[in-house]
Amino acid sequence: MIQGIGAAAGVAIGKAFVLPSWEWDLPESRLEAIDLAKEFERLYEGIRTSKHEIEFIRNEFKEVVGGEESSIFDAHLAILDDPVFMNEIQGIIERQYKAAEVAVKEAIDHFVTMFDLLDDEYMKERAIDIKDVGNRLLKHLLGAPEITLPEDTQPYILVAKELSPSQLVHLNPSHVLGIATLIGGKTSHSAIMSRAMGIPLVCGLENNLKAPIQTGDMLIVDGDQGHVYIHPNESTIAHYTEIRSKQQYKKEQLQLLASVEAVTKDGVQINLSSNISSVKEMDMALKYGAVGVGLFRTEFLYMDRVTFPSENEQFEVYRHVAEKMGSGSVVIRTLDIGGDKHLDYFSLPEEDNPFLGYRAIRISLDRKELFKTQLSAILRASHYGHVKIMYPMISSVEEVRGANELLREAMTELDERGIPYNRDIQVGIMIEVPAAVAIADLLAAESDFFSIGTNDLVQYVLAVDRMNEQIAHMYHPYHPAILRMLRSTVEAARQAGIPVSVCGEMAGDERSIPLWIELGVHELSMSPQSLLKIKHRLLNTSAEEVKLVAKECLKMYTNTEIEKLLNDYHDSHRSFRSMTGERQ
């Protein structure tokens, strides 16, 4: 048995396929003197091609696992825009008269070596992302082919020294039983993606592996314990076959919960809805038992195009989702571009702080006709289902009133065209900036509902960009300031008599359940993959017991204390009173 790091749960039994390294030798001809202008032109063309390829991969991956996991590729795009990385490449070309691919290879080696020398596991794993992006750029500069996987459909266990997100995203999950890598850890992007795809992964085998694994070797990968067996005996195979069968049975039992209401053992019900970006994700949400769509991210209708989608194009998609959802509600968020989301055909200004700049509702209120086109499409779809409208990144009452004025204009124009719509359509707002929390009582008077976007709220409250490798470790959803913001928002909604839901990552985190029950949040919206695990946890939860846990969290001074209590309760599921008794 080889001990590694269990990075994605599950058991895989099968034959190995060893993936060749995604690296290329540079031809001798490219090491000679070059034409500077031509090399810069080749470099910029390679960057453009790489960006388009990454954007395509990101959107394809989003269709499978949802938006949060696919944001990994936003980090890859950021590397291609990083001035330090690009200046290093350009400097090598200009000062040393080297070909573009030679400069890229040297820059990769420089940064990977630098990251590897740091005594920080997180930074070491980011070196894989640098290598991934650099190798993609090299592939285009050299015209090299993609690494090919087995042509037959016989499932296999993939073995590699390291596995980049770009390699992983091309895998067919039905063909890959499990993955074993020599390096890497639980926080690597590939580990995050493996967990999202449900593929068992053990990494970090290099120091304990006495002989290389060969293609065709029989393997067992235990992603729970971090064990890999090479040529296991019959009793070990039988043992793990039984474990795998139990895990599969558990998945099947979870699926049976799809049609069961999400109610605690003592009768507290929480509606579980889904965040979606497409009709394909809608199908997944229904499969896993979503009672509604808590967040339809409409910006993805605008991507991978050359022009803005027409009113009719948008209407058809919104109508289709509304009809599929039946009696369940569909909350459609209006266009949220800017920040890290861009359209090739819509030029946004260069900004020092794009996340604090021209984006979301600010663009909509500035580009009124563009906004009204979307509002008209949503209104038309409201005739075919329980559709609601939600405005993103609201920070003032003026913004809500301005958006509603344009909504009324869209209604008037539909009346003139004789097109039906729901005249009583509900209109709500995202609570995701601190200003919105501070004036939540004023905003509640202007809104039919609130939806708390915890991802942006945490970033803005703590002034931490979680995609910034230097400070990502400071991103703490359970910081006392965040819990106070949540409590303040829910209280303002309660006083105004409007419902409040949560649609960020915290909604799909089982550890947060005590907080939602104590605060009185009765709707959570999450990625389709999180629905059944959250429902299972709710069905086995006592609301009265977890309220005690949450009350204690709300008294604590540090996120470390809060996370420890929530983790302890989640892991042990023992009564809160016995836990506090042990600590005294």
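Please report, to one decimal in angstroms, the Kirkwood hydrodynamic radius of the chain built from all distinct Cα-Cα pairs.
Kirkwood hydrodynamic radius for the chain: 26.0 Å.
Most tightly packed first, judged by the mean number of other beta-carbon atoms within 10 Å of their residues, the peptides 44-52, 351-359 read 44-52, 351-359. Straight-line cross-link partners of Lys210 among the lysines, defined as a Cα under 18 Å from its Cα and at least 8 positions apart when in the same chain: Lys161. The Cα-based radius of gyration and maximum Cα-Cα distance (Dmax) for region 269-542 are 18.0, 56 Å.
Using the Cβ-Cβ distance between Leu117 and Gln96 with R0 set to 25 Å, the FRET efficiency from 1/(1 + (r/R0)^6) comes to roughly 0.60.
When Phe308, Phe73 are arranged by Cβ crowding within 10 Å, least crowded first, meaning fewest neighbours, the order is Phe308, Phe73. Taking every Cα-Cα distance in region 466-522 and sorting them into 10 Å bins from zero, the calculated P(r) comes out as 20, 49, 23, 7, 0 percent.
To make sure I understand, if each residue's beta carbon is the centre and we count other beta carbons within 10 Å, what order do Asp441, Asp129 fall in, fewest to most?
The order, fewest Cβ neighbours first, is Asp441, Asp129.
About the centre of its Cα atoms, the chain shows a dipole size close to 1680 debye [charges on the beta carbon of Lys, Arg (+1) and Asp, Glu (-1) only; nearest 20 debye]. Straight-line cross-link partners of Lys51 among the lysines, defined as a Cα under 17 Å from its Cα and at least 8 positions apart when in the same chain: Lys62, Lys131, Lys139, Lys341. Packing around the peptides 92-105, 236-249, 550-563, taken as the average count of other Cβ atoms within 10 Å per residue, puts them in this order, highest first: 92-105, 550-563, 236-249. When shorter helices are ignored and each DSSP H run of at least 4 residues is given -39500 (n - 2.57), the per-residue value for the chain at 222 nm works out to -15500 deg cm²/dmol. Contact order, relative form, for the chain: 14 percent (alpha carbon pairs under 8 Å, 6 or more residues apart, mean separation divided by residue count). Multiplying the residue separation of Met474 and Ser245 by 0.36 nm and subtracting their alpha-carbon distance yields 78.5 nm.
This ranking places Tyr475, Tyr318, Tyr460 by how few other beta-carbon atoms lie within 10 Å of each, fewest first, which gives Tyr475, Tyr460, Tyr318.
Of the peptides 261-270, 480-489, the ranking by mean beta-carbon count within 10 Å, highest at the top, reads 480-489, 261-270.
Laboratory data are not the source of any read-out in this text; all were calculated from the coordinates shown. Just so it is clear, the model here is predicted, and its values are computed rather than measured. All Cβ positions, even for glycine, are placed from backbone atoms using ideal geometry, and neighbour counts span all protein chains on display.
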